[in-house]
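Working notes, beginning with the structure itself.
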Amino acid sequence: MTKHVSPEAQADLFRDDILAGLLKDRKVISSKWLYDDVGSHLFEAITELDAYYPTRTEISILAKNAKKYRRLPGARGAMVELGSGSSRKTDLLLDAFPDLSVYMPVDISVNHLKAAAERVRRAYPSLAVIPVAADFTQPFGQLPLLPELPVLIFFPGSTIGNFEKTEAAALLSNIRSAMPEASLIIGVDRPKDAKVLQEAYDDPAGITAAFNQNLLQRINRELDGNFDLADFAHKAIWNVSESRIEMHLESLTQQTVSIAGETIDFAKGETIHTENSHKYSEDAFKGIAREGGWQITDVDSDENDWFSVYTLQAA
């Protein structure tokens, strides 16, 4: 699918991306680097929190509509999951698709991917499981699937919201180009009360803060960094004009940090922007889908209209 990422290549990409982002005037790190083994486990813990509504809301929508998705051609062929996340979401579709032949999880976190693939193999022994260690945010290559298999793409978790609007449209365009005949099931979070959003991304237990700060620990582990976590605070901001939650790590002091032999200066109050989570109305997402070359054929939402699961076909 996308280019396979070897551990060595991923280490180089991680170093180069981190240094490039931290040397910008406004420091930024791609949210994909939050999900190493530790980060992936912390995120799973976040999804269990009462305040974190997206996962349980999306699961409720999928549970209600999984059998309806069986009509999609790919439900009788190959399901490609972008970002092998919650097994509960995956199983809802696998259970509803008894005629599925191939399951292909795609994830940048190699160990997390292997564990997810092995779990599916044990639970569904008649299913061919083909894990792909890759960064699906990069340009797509050829799918390692039999060309005659219809394809269903599963892109849950409102991961599309992590991208800037132009990046989200470009990603959808790349997916369409790689799999032009596929159907796409995608989860998208919706705008809602700011208090609900703030609590979801800055929980009282501090698990989201640990998830965010683990990025600094990862840099220390893998890039010989010397971040002092006590000098950085997790910060979640609701950016009304952009309709997104932003996660930042705020420097509490003026300081200099060493990373992979380079020095990075931080002013007191300066932040590293680590993640966006855009919240899209139906009209807003329709525009992004259209720009990416897709048309919405169906939409399912919860009773509060907090979250939507869209079915798309290439336009």
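The values are calculated or read from the model by the stated rules, or taken from the named source; none is laboratory data. Just so it is clear, the structure is predicted and the values come from calculations on it, not from any experiment. With ideal geometry, Cβ positions are generated from the backbone for all residues, glycine too; neighbour counts draw on all protein chains shown. Note: accessible area is taken over every heavy atom of the protein model, side chains too, but ligands, DNA and RNA are not part of it. Shrake-Rupley method; radii C 1.70, N 1.55, O 1.52, S 1.80 Å.
Just a few scattered comments:
- Enumeration of residues in the range 147-186 that are part of a helix (DSSP H, G or I), open to solvent by 10 Å² or more (accessible area, probe 1.4 Å) and out of contact with any Ser or Thr (no Cβ under 6 Å at 6 or more places or on another chain): THR159, LYS165, THR166, GLU167, ALA170, SER173, ASN174, ARG176, SER177, ALA178
- Within the range 187-215, being open to solvent by 10 Å² or more (accessible area, probe 1.4 Å) and among the polar types (S, T, N, Q) holds for GLN198, GLN213.
- Residue selected from the range 39-72 under the condition touching a Leu at 6+ places or on another chain (Cβ under 8 Å) and not in a helix (DSSP H, G or I), by the criterion farthest from LYS268 (Cα to Cα): LEU72
- Restricted to the range 279-313, and to residues there that are of a type in the set (A, V, I, L, M, F, W, C) and surrounded by fewer than 17 Cβ atoms within 10 Å (Cβ to Cβ), the residue that is farthest from TRP238 (Cα to Cα) is VAL299.
- Number of positions in the range 79-91 that are crowded, with 22+ Cβ neighbours inside 10 Å and either without any contact (Cβ under 8 Å) to a residue 40 or more places away in the chain or hydroxyl-bearing (Ser, Thr, Tyr) (or both): 2
- Scanning the range 280-297 for residues that are assigned to a helix (DSSP H, G or I) and not acidic (Asp, Glu), we see that the one that is farthest from VAL240 (Cα to Cα) is ARG290.
- Residue within the range 23-38 that is open to solvent by 30 Å² or more (accessible area, probe 1.4 Å), within 30 Å of GLU303 (Cβ to Cβ), basic (Lys, Arg) and in a helix (DSSP H, G or I) present: no
- Considering residues of the range 95-108 that are open to solvent by 10 Å² or more (accessible area, probe 1.4 Å) and touching a residue at least 12 places away in the same chain (Cβ under 8 Å) only, the residue farthest from the chain's Cα centre (by Cα): ASP99
- Residue in the range 109-121 that is under 15 Å from GLY74 (Cβ atoms) and either surrounded by fewer than 16 Cβ atoms within 10 Å (Cβ to Cβ) or at pLDDT below 95 (or both) present: no
For every residue, the table says whether it meets (1) part of a strand (DSSP E or B); (2) hydroxyl-bearing (Ser, Thr, Tyr); (3) crowded, with 18+ Cβ neighbours inside 10 Å; (4) without any contact (Cβ under 8 Å) to a residue 24 or more places away in the chain.
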residue: GLN217; (1), (2), (3), (4): no, no, no, no
residue: GLY225; (1), (2), (3), (4): no, no, yes, no
residue: ILE237; (1), (2), (3), (4): yes, no, no, yes
residue: HIS248; (1), (2), (3), (4): yes, no, yes, no
residue: SER277; (1), (2), (3), (4): yes, yes, yes, no
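- Taking the criterion of being touching a Phe, Trp or Tyr at 6+ places or on another chain (Cβ under 8 Å) and open to solvent by 70 Å² or more (accessible area, probe 1.4 Å), the residues of the range 251-275 that qualify are LEU252, GLN254, THR256.
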